[in-house]
Amino acid sequence: MSRRGDWVYENNGGTCVAIAGADYCVVAADTRLSVGYSILTRDHSKICDLADKCVLASSGFQGDIKALHKNLAARELLYQHQHNKRMSCPAMAQLLSNTLYYKRFFPYYAFNVLGGLDSEGKGCVFTYDAVGSYERTGYSAQGTGSTLIMPVLDNQLKSPSPLLLPARDAVTPLSESEAVDLVKDVFASATERDIYTGDKLEIVVINKAGTTREYIELRKD
Amino acid sequence: MFRNQYDTDVTTWSPQGRLFQVEYAMEAVKQGSACVGLRSSTHAVLAAANKPASELSSYQRKVFRVAEHAGVALAGLTADGRVLSRFLRNECINHSFVYEAPLPISRLALRLADKAQLRTLPKYALVCVKNFRLRELLIPVCTQRSWKRPYGVGLLVAGLDETGAHLYYNCPSGNYFEYQAFAIGSRSQAAKTFLERRFEGYNDYTPEQLIKDALSAIKETLQGEKLTSANCTVAIVGRKDDGTIEPFQMIDATRIQEIIDSMEAAEEAPPVEPSSMQEEERTSDAAPMDI
């Protein structure tokens, strides 16, 4: 496929997943950076800790992702100075949406998943498109492997139908370790079929005690 | 200082070569409540005396965090100080956005000094003042525009960078100097006298000793009033022994009260040689300093 001469984006691949639980949130992303059919590096993090209870994972064009993460981190620092506290996850969610829409006519090529704990300590996941449309959900996958992962999460995470009224919370009743195991399984499967996903999996778990990180090896082919 | 015909605006020189408005701005600093700063080679401490405007009101904040590695304490027109703190915070954020590194303290002090001297005027003002394009020109406030006044606040800028801990004093004139220890505000002379006697050893002081000296210096400015954690604020920033950074933060009131109590207990003990008294203070404290 020939690209236009003025095409300024490139897709560096990768997949991001987040799952919200009753009092925890799991955010995971693979660490492979690719372009075309080549791998640029096997060890690049797509996850950014924005606030102590708020973590952003983005896949897409690496240049835009870096700029977006830096922008948000600087805004969060300003918020800290002005309000004497760190930004909450829902506040960051709105800020991210506004930041993305600000560039509606020259978008950040970034597919984002924001995860963390809300002000009540419950897990929350926000999923975005490239121009800032967002929604709070119980789980989400974005990136090149998302089409492989999302149906599995839908099947496993027992989300009540969105057609039910009154609207019910989509957070999963699974325990933290069960959710982490699910994430590992789901990435292992996506790695099998998606060429852009693999190498290593970075899993960040946010709960009341803080944030922990874990790295799992994935297939390298 | 007398009123005279050369002090009406900031753009008028006196025949003796003085800008009175700038000097009056420095007077405003002397009227504010006291602030003290001191540093060792690895840590810098800022302390401020909390003086409420009246019995019914609370005191104004005088110590501000500017970045993880730096903070300021101010004396004078605290409203001007808030504006400057916001400016400094933006400068630090912009610098670390562009260079992925913390702004060195000397540069921070320089930016502040430049702001006291120079300010970009908004575009519409430039257009209506002169015919030629002034858009890119930074115009010195003090000498060319008579409707802007100097900032009426003196700032003690303390922070940590690659070259160690630093303390700068920025005054409304735009001058700034680096100090080992300094005090500004009302009755700061008493604190300065105290610091002059002891500053030579500060480079090797532990953070705890620095805090104690900062509190003692503030006590000198209170002149008889009892020092408690309610009437002072102390903040510290530095590099710990293991190389990690101790970010700029206020020390909480209970910890300050503990330190004040231990200082008073040490004073009541029979007078001993200074070096052994310091050792006693260190071992008698509850736990190693972990702020």
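The values are calculated or read from the model by the stated rules, or taken from the named source; none is laboratory data. The shown structure was predicted, so the numbers you read here are calculated from the model rather than taken from an experiment. Cβ placement follows ideal geometry from the backbone for every residue including glycine, while neighbour counts extend to all protein chains displayed. Note: areas computed on protein heavy atoms with side chains; ligands, DNA, RNA excluded. Shrake-Rupley method; radii C 1.70, N 1.55, O 1.52, S 1.80 Å.
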| note | Flagged in the range B:64-86 as of a type in the set (V, I, T), within 14 Å of chain A (Cβ to nearest Cβ) and outside any strand (DSSP E or B), in numbering order, are B:V83
| Mind checking which residues of the range B:216-232 are of a type in the set (S, T, N, Q) and either crowded, with 22+ Cβ neighbours inside 10 Å or in a helix (DSSP H, G or I) (or both)? | B:S216, B:T221, B:S229, B:N231
| remark: A careful count of residues in the range A:50-67 that are touching a residue at least 24 places away in the same chain (Cβ under 8 Å) and within 14 Å of chain B (Cβ to nearest Cβ) gives 2
| query | Any idea which of B:R89, B:R61 is touching a His at 6+ places or on another chain (Cβ under 8 Å), within 14 Å of chain A (Cβ to nearest Cβ) and surrounded by 15 or more Cβ atoms within 10 Å (Cβ to Cβ)? | reply | B:R89
| message | Criterion first (more than 12 Å from the chain's Cα centre (by Cα) and either β-branched (V, I, T) or outside any helix (DSSP H, G or I) (or both)) does B:A28 satisfy it? | response | no
| said: Name the single residue that is farthest from the chain's Cα centre (by Cα) among those in the range A:68-85 being in a helix (DSSP H, G or I), farther than 19 Å from B:Y99 by Cβ and more than 9 Å from chain B (Cβ to nearest Cβ). | reply: A:H83
| field | Subset of the range B:27-58 (residues that are touching a residue at least 12 places away in the same chain (Cβ under 8 Å) and surrounded by fewer than 17 Cβ atoms within 10 Å (Cβ to Cβ)) | value | B:E27, B:K30, B:Q31, B:S41
| said: I'd like the residue in the range B:92-118 that is open to solvent by 50 Å² or more (accessible area, probe 1.4 Å), without any contact (Cβ under 8 Å) to a residue 60 or more places away in the chain and not charged (D, E, K, R) and, out of all such residues, is nearest to the other protein chains (Cβ to nearest Cβ). | reply: B:F97
